[in-house]
Amino acid sequence: MKIILRRLMLFLPLLLLTSCFDIIDKVNVKADGTGEYTVILNASKSKTRLASISKMETINGKKVPKKPQIESKINEASRIFKATPGISNVKTSVDFDNYIIKLSCNFKKIENINAGLEQLKAKNILGKMIPTQIYSQNVGKSFTRNKINTFKTDYDKMSTADKEVFNNAKYTSVLQFENTIKSQTNSSYLLSPNKKALKLEANVLDFILQKKQIQNTILFQ
């Protein structure tokens with residue numbers, strides 16, 4: 001079965017069946033380059049609909065994934081991250097009442113997260129279109145969210161029903177640092193008053209259609 005969101009997201013095939021969900025990723029980087037990474041998939045706004053769908057075998061010609069299948073994928077992702085050098089303290093949680101999935105871990109350097117995502121792709125937990133080399137840093141001097149490929153061509157090829165999945169989907173990125181931020185190259189990121197955090201928030205479609213860009217280079221004082 002061709003599940004569209006496997007191309008774009010982690011772990012939650014049920015999101016294919018609703019357009020109201022949030023993706024949140026957080027990176028907290030210490031002065032020495034170590035830190036914590038968290039990704040959250042939150043479909044609580046659609047929990048009533050998803051609870052009903054989860055009891056069905058198929059919908060719109062697509063097989064409905066069951067809880068054991070979803071949990072199996074999450075556990076496999078956790079095992080892969082735990083086996084990635086530089087990554088530790090991997091934790092996962094699944095709330096099937098509110099349809100919220102969370103994965104968090106610590107890293108020795110942000111590039112360890114790239115390696116973990118690459119391993120997920122190699123094991124077919126992530127689709128081939130998922131970017132993996134998304135972070136880099138020069139410890140104490142700069143932090144970069146690398147440019148990723150556009151999904152517009154693939155989106156344009158989707159059916160109208162499949163495109164509706166993204167209509168109300170939201171994406172939020174939070175970057176927190178011990179070092180004070182001097183400058184950044186993407187003004188779409190909001191700078192916190194203490195100049196130690198950045199936030200980017202938009203509809204998923206804004207990124208697919210290139211109305212907003214994710215890439216950013218942050219320089220520290």
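The values are calculated or read from the model by the stated rules, or taken from the named source; none is laboratory data. Just so it is clear, the structure is predicted and the values come from calculations on it, not from any experiment. Positions of Cβ are generated from backbone atoms using ideal geometry, with glycine treated the same way; all protein chains shown enter the neighbour counts.
Exactly one residue among N146, N216, N168 is within 25 Å of A31 (Cβ to Cβ) and surrounded by fewer than 18 Cβ atoms within 10 Å (Cβ to Cβ), and that residue is N146.
Residues in region 179-213 that are in contact (Cβ under 8 Å) with a residue 40 or more places away in the chain, crowded, with 16+ Cβ neighbours inside 10 Å, closer than 28 Å to K152 by Cβ and among the polar types (S, T, N, Q): 1 in all. Residues in region 42-77 that are at pLDDT 70 or above and assigned to a loop (DSSP other than H, G, I, E, B) were compared, and the one that is farthest from the chain's Cα centre (by Cα) is K66. Do we have any residue at all in region 152-163 that's modelled with pLDDT under 90, among the hydroxyl-bearing types (S, T, Y) and surrounded by 13 or more Cβ atoms within 10 Å (Cβ to Cβ)? Yes, because at least one residue in region 152-163 is modelled with pLDDT under 90, among the hydroxyl-bearing types (S, T, Y) and surrounded by 13 or more Cβ atoms within 10 Å (Cβ to Cβ). Within region 85-96, being within 18 Å of the chain's Cα centre (by Cα) and either under 19 Å from Y135 (Cβ atoms) or assigned to a helix (DSSP H, G or I) (or both) holds for I87, V90.
Quick grid of which residues meet (1) within 23 Å of K30 (Cβ to Cβ); (2) touching a residue at least 60 places away in the same chain (Cβ under 8 Å); (3) out of contact with any Cys (no Cβ under 8 Å at 6 or more places or on another chain):
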{"site": "K91", "(1), (2), (3)": "yes, no, no"}
{"site": "C105", "(1), (2), (3)": "yes, yes, yes"}
{"site": "A115", "(1), (2), (3)": "yes, no, yes"}
{"site": "V139", "(1), (2), (3)": "yes, yes, yes"}
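Answer with yes or no whether Q176 is exposed (fewer than 13 other Cβ atoms within 10 Å of the Cβ), under 16 Å from K30 (Cα atoms) and not hydroxyl-bearing (S, T, Y). So Q176 fails the test.
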